[in-house]
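The values are calculated or read from the model by the stated rules, or taken from the named source; none is laboratory data. Quick caveat, the model's predicted, so the values are computed rather than measured. Cβ: placed from backbone, ideal geometry, glycine included. Neighbour counts: every protein chain shown.
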Amino acid sequence: MKKLVFASVMALASIGLMTAPVLRAQDITIKDPAEFNAYQMATTQNDPKAKAAALEGFLTQYPQSVVKKAVLVLLLETYQGLGDADHIVGTATRVLQVDPNNFEALYLAVVIKRSQCTRSIDQKTGKTNDAPTCDDGTTMAAKGLTVGKPDGVSSDDWKKQTDAAYPIFHSMIALDDIISKGDLKAGISEYRNELMIFAPEATQSGPGLVDTLNLAEAYVKLAPPDMVNAVWFYARAWDFAPAGYKGVIEKKLEYWYNKFHGSLDGLDAIKQSAQATVFPPGTLMITPADTPAQKIHKILANTPDLSTLALEDKELVLSYGAKEDADKLWAILKDQQTPVPGIVIDATASVIKVAVTADAKQAKTADFIVNLKTAITVDKDIPAVGSEFGLASKGQAELDGTYDSYTQIPATDTVAQSVQIVLRDGFIQPEKKKVVPHKPTPAHHAAAH
């Protein structure tokens, strides 16, 4: 299913950026009158652009000033006011060079790098195209989670700052875990840490809502998917999503719920419950639908004559059926002749490999291997890759063989469960050429003289 991203609509201005105490000139004595005057001129500018330019000029003129850290922090706040993301990140990096534990610089840099990291996601692969930016953001976020309360900051103010910053730090780490490192479990843990820090109402919009959806997306990517948690967080994201996104989220929610449960029964109740709490209650249960093997068992129980099953249905039974059911069908098929209509995947003088089912054709893999009874002696008569066999009854070239063996192929993280069916004594019935009725040549009469 197509990946859903709506984090990009959350602008930087929508996040409550904090300010930290700034060291002013009166806290430090600037002995050089010219330097003091330059500082006063730069810090008292009213126009933000002029102030940023003046502060940059001061730092260029006095690179070792005793107020360098204070000026850099003021410059950072000035660029923040201008909404200049590139200069915010660059200045935050400069602040951290002189003050590695500056919480404001870490926070602002992580906010922007997380936004850049999100925009770098390849929508086809779900991976980042800018791993260095994502990794830098994670390094800063991890650092931010270890910074202690600065001197001069009250406990109440520090709590306000960490309550705003810690969720963003966890979100940055989670994003990098998933799109750079491919560690879904670590990413899920970080997203849950983030949502636990947010006040419940804060998860109903902004970054908290975005990461509620991201958490649902992560749960469905697990192998096997965690459907209970995925459905819950999809439902909560749907509950509070902007109107323009509800339809897209609902399609994903219904797809996964139906795939797991087998119907949409009970989904409305989960949607309603998810409005009340961020996390699902421990008592939440979703009854899984029948497995493919269970469905196949029911089909076989209700099919009196298994030989009447279509070829694709026979293959479905042999692919997904429990061994007892697959063997039951195979006992009927073994040593029976069958046509093999499909697309040639590979062919030699003695073996033709064919994709019969729609899934095999799409994947371009052979699900039937036909060993010919008599090898083809003329190279040009070997079927070309991509050519197709049909049914002789329809005037098409037909490949026939006798069921010989089958092997169930277990699923992997990237490939669904399947089967390989081997036939022996294969032969090709050439396409019957249509006979065009002969029309007599009209008689020519000599002109009368």
Select from region 101-120 the residues that are assigned to a helix (DSSP H, G or I) and polar (S, T, N, Q) and write down the one among them that is nearest to the chain's Cα centre (by Cα).
118
For region 287-327, which positions are of a type in the set (Ser, Thr, Tyr), surrounded by 11 or more Cβ atoms within 10 Å (Cβ to Cβ) and not in a helix (DSSP H, G or I)?
291, 303
When the residues of region 398-437 are filtered to those that are assigned to a strand (DSSP E or B) and among the polar types (S, T, N, Q), which remaining residue is modelled with the lowest pLDDT?
418
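Rundown of residues vs (1) outside the structural domain of residue 336 (by TED's automatic domain parsing); (2) of a type in the set (A, V, I, L, M), yes/no style:
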position	(1), (2)
268	yes, no
298	no, no
301	no, yes
304	no, no
309	no, yes
317	no, yes
Among helices (runs of 4 or more DSSP H) completely within region 152-268, the ones holding 1 or more residues that are surrounded by fewer than 17 Cβ atoms within 10 Å (Cβ to Cβ) and touching a Phe, Trp or Tyr at 6+ places or on another chain (Cβ under 9 Å) are 155-179, 184-197, 227-240, 243-261
Whether any residue in region 386-403 is closer than 26 Å to residue 225 by Cβ and touching a residue at least 24 places away in the same chain (Cβ under 8 Å) is what I want to check.
no
Within the group 232, 256, which residue is aromatic (Phe, Trp, Tyr) and touching a residue at least 40 places away in the same chain (Cβ under 8 Å)?
232
Search region 300-311 for residues that are more than 16 Å from residue 334 (Cβ to Cβ) and pair each with any residue that is part of a loop (DSSP other than H, G, I, E, B) and not hydroxyl-bearing (Ser, Thr, Tyr) when their beta-carbon atoms are under 7 Å apart and the residues are at least 6 apart or on different chains.
303/309
So which of 332, 343 is in a helix (DSSP H, G or I), of a type in the set (A, V, I, L, M) and either at pLDDT below 95 or within 24 Å of residue 393 (Cβ to Cβ) (or both)?
332
